[in-house]
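First comes the structure, then the notes that go with it.
Read-outs: derived from the displayed coordinates by stated rules, not from any lab. Keep in mind the model is a prediction, meaning the values are calculated, not measured. In this analysis, Cβ positions are derived from the backbone assuming ideal geometry, glycine residues included, and neighbour counts consider all displayed protein chains.
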Amino acid sequence: MRILYLHQYFATRKGMTGTRSYEFSRYLVGKGHHVTMMTSGLANEEFAVPQRTRYAEFEAEGIHVVSISAAYNDPQVGTGMSGWKRMVKFYQFAHLASRLGRKLPKPDVVFATHTPLTIGLAGAALGRHFNVPFVFEVRDLWPEALINLGALRNPAIIWWLRRMERKIYARAEHIVALSPGMKDGIVRTGVEPERVTVIPNAADLDLFGPEIDGSVSRERLGLGARFAAIYFGAMGLANGLDYVIDAARILADRGRKDIVLVLHGHGGKKDELKQTACDHGLTNVVFSDLVPDKAELARIVAGCDACMTIYRAAKEQTWSPNKMFDALAAGKPVLINVPGWLGETIEKNRCGRCVDPNR
């Protein structure tokens, strides 16, 4: 089978974001299928497109990668744009992907995964062009998630995104949701339940495991004999890492020098978090830069005693975070502030605690 896979932020284990699409593609290639991945190269430097070049082609473990010149060179730049400008940039990429994709060999199926939502426009257009099924994977509910975070208030953009969301769902032969809450959200838009399948995130057991030696990473971070709880991943508005800084202040006030909180990653809020920790003289918070090597991340996690899965809009019950499953695969207890299926999974299986961030 020939599969045309669209993921704007595709990354391998050398990248600095989730590798769900990579793992799926690698598995499909191993089963004898042909996978062409259309991406922007933003999440993986190895797929960077040379300047003044519209696209470049690469090979990654049997995956044919077509990397399109991105609308902006750094995904963090996009976080500083206005809502309209970001949407225009997303739409530009979708337009380029749909035009370039028509020049590729005819696939048997088109599979597009968002975010951003606009990637679904390219997937739907290519499915229609080739007259093949279009499958849409939903990793986040747009615009609802953005509204709940307070990141989207413009009524015109909200109207536009809701209209786009329903249009893409209507054109999809089938829809994949990453959590039961996401499926419920999709069904509320009018999609038949039987057209939606839930496939949650998971962990890469080739990388994460309780047998991994994290002693070198622990020493490098200067954790000593303290109990270390780590958050690893993006440090943006949605991640709510102010909760971690607040917890560090409370621990410091209580004289708990035996506990240290590690923040490992990058994002638009990182400098602000570091400044806040500095302003309060917090020595029980350690910041670590995200490295483009998931094997090294596995060693860093192994060097800690527990993992944190934190979100700002903790009432949101639709997420399916990679980091939680990676932590469980590493054999670490998880501290999470998200109710719903995630918190229930942790509590029911006695592998951590779900806490109320407002207490």
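Listed values, structure above:
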| item | result |
| --- | --- |
| Anisotropy class of region 2-198 from Cα gyration tensor, a/c 1.5 cut | oblate |
| Proximal charge balance of Arg162 [Cβ under 13 Å; K/R count +1, D/E count -1] | +2 |
| 5 angstrom amide H check on Tyr55, placed H, neighbours 5+ away | Ser69 |
| DSSP bridge orientation in region 2-198 - percent antiparallel, rounded to nearest 5 | 20 |
| Hz values of 3J(HN,Hα) by residue in region 90-105 - Karplus curve (6.51, -1.76, 1.60), Gly and Pro given as x | 4, 5, 4, 5, 4, 5, 5, 5, 5, 6, 5, x, 5, 8, 7, x |
| Paramagnetic reach from Ala225 in region 294-308 [backbone N under 17 Å; point 7 Å along Cα→Cβ] | 305 |
| Set of lysines with alpha-carbon distance to Lys167 below 18 Å, sequence-local pairs under 8 removed | Lys183 |
| Relative contact order of the chain, pairs being alpha-carbon contacts under 8 Å that are 6 or more residues apart, as % | 14 |
| For peptides 168-174, 21-27, 271-277, sequence by mean Cβ density within 10 Å, most packed first | 21-27, 168-174, 271-277 |
| DSSP-defined antiparallel bridges as percent of all bridges, region 215-354, nearest 5 | 0 |
| Calculated diffusion of the chain, Stokes-Einstein form, Kirkwood radius summed over Cα pairs, 4 °C and 1.567 mPa s, µm²/s | 61 |
| In Hz, Karplus ³J(HN,Hα) per residue of region 182-191 (6.51, -1.76, 1.60; θ = phi - 60°; x = Gly, Pro) | 5, 4, 4, x, 5, 5, 5, 7, x, 6 |
| Hz values of 3J(HN,Hα) by residue in region 26-35 - Karplus curve (6.51, -1.76, 1.60), Gly and Pro given as x | 4, 5, 5, 4, x, 8, x, 8, 9, 10 |
| Cα centre as origin, Lys/Arg/Asp/Glu Cβ charges: region 92-144 dipole, Debye | 380 |
| Span from the region 232-274 Cα centroid across to the region 156-174 one, whole angstrom | 36 |
| DSSP bridge pairs, the chain: antiparallel proportion in percent, nearest 5 | 10 |
